[in-house]
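I have placed the structure first, in the form of C-alpha cells, so that the comments after it can refer back to it.
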Amino acid sequence: MAVYQLPLARFGLVALLVVLFGVVPLTASDYALSILNLVGIASIGAIGLNLLVGFAGQISLGQGGFMAIGAYTAALFALRLEAPFWLALPAAGFSTAVVGCLFGIPSLRVKGLYLAIATLAAQFIIEWNLLHSGWLTGQGAQGALVIEPATLGSLVLDTERRKYYLIIVVALVATVAARNLARSYIGRAFVAIRDQDIAAETMGVNIFRYKLLAFAISSFYAGVTGAMWAYYTQVVSYEHFLINTSIDYLAMIIIGGLGSVPGSILGAAFITLMPAGIRDALEALKRWGMPGTLGNFAYVREIIFGLAIVLFLILEPEGLYRIWRRIKDYFRLWPFAY
Amino acid sequence: MKRLLVGSCVVVAVVALVVSVGVSQGKVLKIGNFCDRLGPTQTVGVKYCPGFHDYMDLINSRGGIEGYKIEHNEVEHGYAVPKAVEGYNKFKAEGYLAVVSYGTPITDALKTFANRDKISLLTPGFGISDVEDATKFPYVFVGVASYKSQVAAIYQYIKEAWKENRAAKIAYLFYDNPAGRDPLDYVRELPKKLGNMELVGEVACPPPCAEASSQMLQIQRLNPDFVISHLFGKGPALTVGERAKLGMKATMISLVWGFSEDEVNVNGPAAEGYMGVNFVVMPEDLAKLPVAKDIADMYKKGGKEPPKEMNSIYYVRGIMNAALFTEAAKHAIKAAGGSAVTGEHFKKGMESIKDFTGEGTIAPTTITATNHAGSRKVRLYKVQGGKFVLVKDWFEGPHL
C-alpha cells in the first residue's frame, strides 16, 4: 500500500479492483474477455521487458526466446511431472531467469546496439535448440506440445471467463511486484546504471550484480508470460515466440512509455487493441457503403497503425503513460488549470 | 494536432463499438477465412484468399445452399499468432460455424480452441500431424493430402519411374521449421519399405531460406538422382534457379508450397523439368472447368473483369477450401432438419462429405467421423515449355 500514498489513489485502486474482479467478468462478453486476456498476458511480458530496457537501460531482442523457454518449461512440468499450474508457473519463471542470466552475461561487456545483437543471438539460439531437441520437447519432429487447461482444485480454467480470473490475478501480482521493485534499492540501482553506469559504479552500485539481476527479473517475467500463453492456448510451439514477438514487445514498451510500469500495460493494450479496432472500424464503414475490398482494408489498417505509432512517437515520445499523467494532472487541478 | 489525435482515437473506438452490434437477416450460415496479406507469406495470401471469397460469392449468386446464404468474412493476421487468436475470438463472438485456418503456427494455436468452441477448423496443407487424429481433435479437419501423404506419393512415383538396377539416390531438401520437418519419418522410413531406393541426405534450409546456394552445393556433392524439395516462400524459386545454374542432373520434385506459377515466372526456361505434386488441379485445368466460367460470368455481370488471381494455383486452393465447406454446409443443413444449424451440425456435415470433387478441383474426397484426413491423393506435374504438364493423374503413395 505504500506505493499509493494519497487517499484518492487508494480509493482508485479499490475501485479498479472492484471493476476488474466484479464488474468486468459479470458484464463483458466472451470476446471482450478474450481481448482482455490477450492484453493481460502481454502486459506481464511488457512489464518484464520494461524493467530491463526502460529501468536498467539494457536493450533485449530476446524476449520471444525467453517466453518460449517459459512456455516449454511449464508444458514439460505439466506433461512429464504432472505438476499443477501453480507449480509450473514459478518453475517457468525460474528456469527462464537462469537462461536469461546466461544470455545477460554479454551485457557486462557490451552496450547499446552491440547488446541488441547479442540478445538477438539468444533469440535464434533458443529457437534452434527448441526445434532440434526432440529428446526434450518430444512428439515427433515438430516440437509442439498440447497441455491440459490449468486447474484449481476441481475448477478447470478452460473458458475465457475462468482464464480471465487467472490472468488478471497474475498480471496484478506482476504489476504490484514491479512497482515495488522500482522504488526499492534494486530499482534505483537499475535507473542509476541506465543513466550513467560509471557514476553508478563510483557510488557503490555493483554493476555486475545488478545488470545480471535485471536480466534475471526480466526473464522471470518473460517466462511467466510464456507459461501463461501456454495455459491460455493449451498449445506450446516455439513458432509462437519468434523474433517478431520480441519486436512487438519492444514496440509495446516504447509506445507505452519506457521506464513506467503502467505505461507497459497501456502499450500492451495499444498493440493488441489498435489493429483490431481499426479493422472493425473499416468493416463498419464498408457496411455503410465505403468502397473497397477485404484485401485493400488490410493495407489501410496497416497504414493507419503505422501512422498512429509514428504520430505517438513524434507528439509524445514519453509514451501513452505521459498522456495518462497529463489527463490526471488536468483533473487534479480542475477547474483551475494553474 | 493532439486534439486531432485523441479525437480520431475516440472515433475509432466508437465505430468499433457500433460494429459489434451485428444485424442478421434471413437464413445465414457464417463461414470465416484467415488470410495473410501483409506478413511473410503474403505472396500466397493475396491469391489464395480471393479464391475463397469468389467461390462463396458464386454460391450465393446461385441462390445459396438450401435457402441459406453464406456470410463469409476474413481476418488478416499477417502470420502473427496473437492477431489470429483475437480474430478467431471475433469469429466466435459473431457466431461463425467454420473457419479456414492459415499457417502452421496459427493452426497449432487454434486447434484446442476449435474443439472447445465446436467450430470446425479446416487446415489443408499446414502440416500438423496430430490433428489428423479425429479422437483427439474432433473439430479439426485436414481434408486433403498432408505433407506425409505428399511425400509418400512422390516416393511411389520414384519407384515407378526408376528403371535402373542400382538403388535410386534421393535427397530431402527442407525448410527447417516444424512444417518442413513434419514428414521426416516418412522421408526416412519409406525408402526402406519400398526398396530399390535410398535416402542419401537431408539438407535443411534455415528460415527464412532467402539464400540456398550452399544447400544446393551440398546436394550437388551428394549426387542424388531425385531431390524431394519441401520449401516455402522464396526458397523454391531460388533453388530452382540454382539447380539450373549448377547443371544438376537430379529430378527435383516439390511438395505443394514450392510448386506454383511463381517458380516458373521467376526462373523462365531455367524451371524446365521442375516437378511437383498438388492436391488441387493447376490453373490451366481450372480454366477448362465450368466453375471458372461461372466465376468469370459473375464478375462480368457486375461489370468487372475476372480477377487475374485466377491464373494462380493458390486461387484454386482458395476455391477448394470454400467448396469443402459449402459441401459440408449442405449436409449440415440436412442434419439440422429445419432447426438452427449449430457447430455440431456442421461437424456432422463435414463428416458426411463423400466422394466430393469440389467441382473438379480436387480428387474424390471422403471425410468420415473417424477419418478427418480426407483424401491422400495428389496429381504430379512437370514444367514443360513454361507450362504445367500433367505427369500422373490422381494417385497416392503407401502408408508407413
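The values are calculated or read from the model by the stated rules, or taken from the named source; none is laboratory data. As the structure is a computational prediction, the values presented were derived from the model and not from experiment. Note that we place each Cβ from the backbone using ideal geometry, even for glycine, and neighbour counts take in every protein chain shown. Side chains included, ligands, DNA and RNA excluded: accessible areas come from the protein's heavy atoms. Shrake-Rupley method; radii C 1.70, N 1.55, O 1.52, S 1.80 Å.
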Counting only protein heavy atoms with a 1.4 Å probe and every protein chain in place, the carbon and sulfur fraction of the accessible surface of the protein assembly as shown in whole percent equals 63 percent
Expected output for the stretch B:108-157, residues with a loss of 40 Å² or more in accessible area relative to the chain alone at probe 1.4 Å, reads B:D108, B:T112, B:F113, B:R116
In whole Å, what are the Cα extents of chain A along the three principal axes, biggest one first? 60, 54, 43
Hey, for a label at A:I243 modelled as a point 7 Å past Cα toward Cβ, could you say which residues of the stretch A:42-81 have their backbone N under 12 Å away? A:61-62
Could you state the accessible area per residue of the protein assembly as shown in Å², with a 1.4 Å probe and every protein chain left in place? 42 Å²
So, in nm, how far is label A:L8 from label B:Q218 when the simple model puts each one 7 Å beyond its Cα toward the Cβ? 6.5 nm
Just tell me which lysines come within less than 19 Å, Cα to Cα, of A:K211; anything on the same chain fewer than 8 places away is out. A:K111
Given the C-alpha centroids of the stretch B:332-351 and the stretch A:3-40, what is the distance between them in whole angstrom? 40 Å
Quick one: which bits of the stretch A:103-131 get at least 20 Å² less accessible when the partner protein chains are in, versus the chain alone, with a 1.4 Å probe? A:L131
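Can you check what the net charge comes to around B:G143, using other residues whose Cβ is under 14 Å from the Cβ of B:G143 (Lys, Arg +1; Asp, Glu -1)?
Numbers: positive: B:R317, B:K347, B:K354, B:R376, B:K377; negative: B:E132, B:E327, B:E351, B:D355.
For residues surrounding B:G143, the net value is +1.
On average over all directions, what projected area in square nanometres does the stretch B:92-141 have, based on the convex hull of its Cα atoms?
3.1 nm²
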Give the B-A buried accessible area in Å², both sides summed, 1.4 Å probe, nearest 100. 4000 Å²
Counting every Cα pair in chain B, what percent are over 26 Å apart? 54 percent
5 Å is the cut-off here: which amide hydrogens, built 1.01 Å from N in the peptide plane, fall below it relative to B:N371, excluding neighbours closer than 5 in sequence? none
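Report the extension gain between A:F331 and A:F94 in nm, rounded to one decimal, defined as 0.36 nm multiplied by the number of residues separating them, less their alpha carbon distance.
Taking A:F331 through A:F94 to full extension adds about 81.1 nm, to one decimal.
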Using a simple charge model, +1 on the beta-carbon of Lys and Arg, -1 on the beta-carbon of Asp and Glu, nothing else, what dipole does the protein assembly as shown show about its Cα centre, in debye to the nearest 20? 960 debye
Sites matching chymotrypsin sites (Phe, Trp or Tyr not before Pro) across the stretch A:209-315 that sit in DSSP coil, with at most 10 neighbouring C-beta atoms within 10 Å: A:W288
Net charge dipole size for chain B [Lys, Arg +1 and Asp, Glu -1 on Cβ; Debye, nearest 20]: 220 debye
Here the FRET efficiency for A:R109 versus A:Y185, based on Cβ atoms and R0 = 30 Å and rounded to 0.05, is 0.75
Evaluate peptide A:271-277: per residue, the Cβ atoms of other protein chains within 10 Å of its Cβ; return the mean as an integer. 5
Taking every DSSP bridge whose two residues both lie in the protein assembly as shown, the antiparallel percent to the nearest 5 is 35 percent
Peptide A:32-39: average number of partner chain Cβ atoms within 10 Å per residue? 3
Potential extension, B:E305-B:E66 segment - 0.36 nm per residue separation minus Cα distance: 83.1 nm
Could you tell me the distance between the Cα centroids of the stretch B:203-251 and the stretch A:299-317, to the nearest Å? 40 Å
Give me the one-decimal nm value for the distance between modelled label points at A:W288 and A:A177, 7 Å along each residue's Cα-to-Cβ direction. 4.6 nm
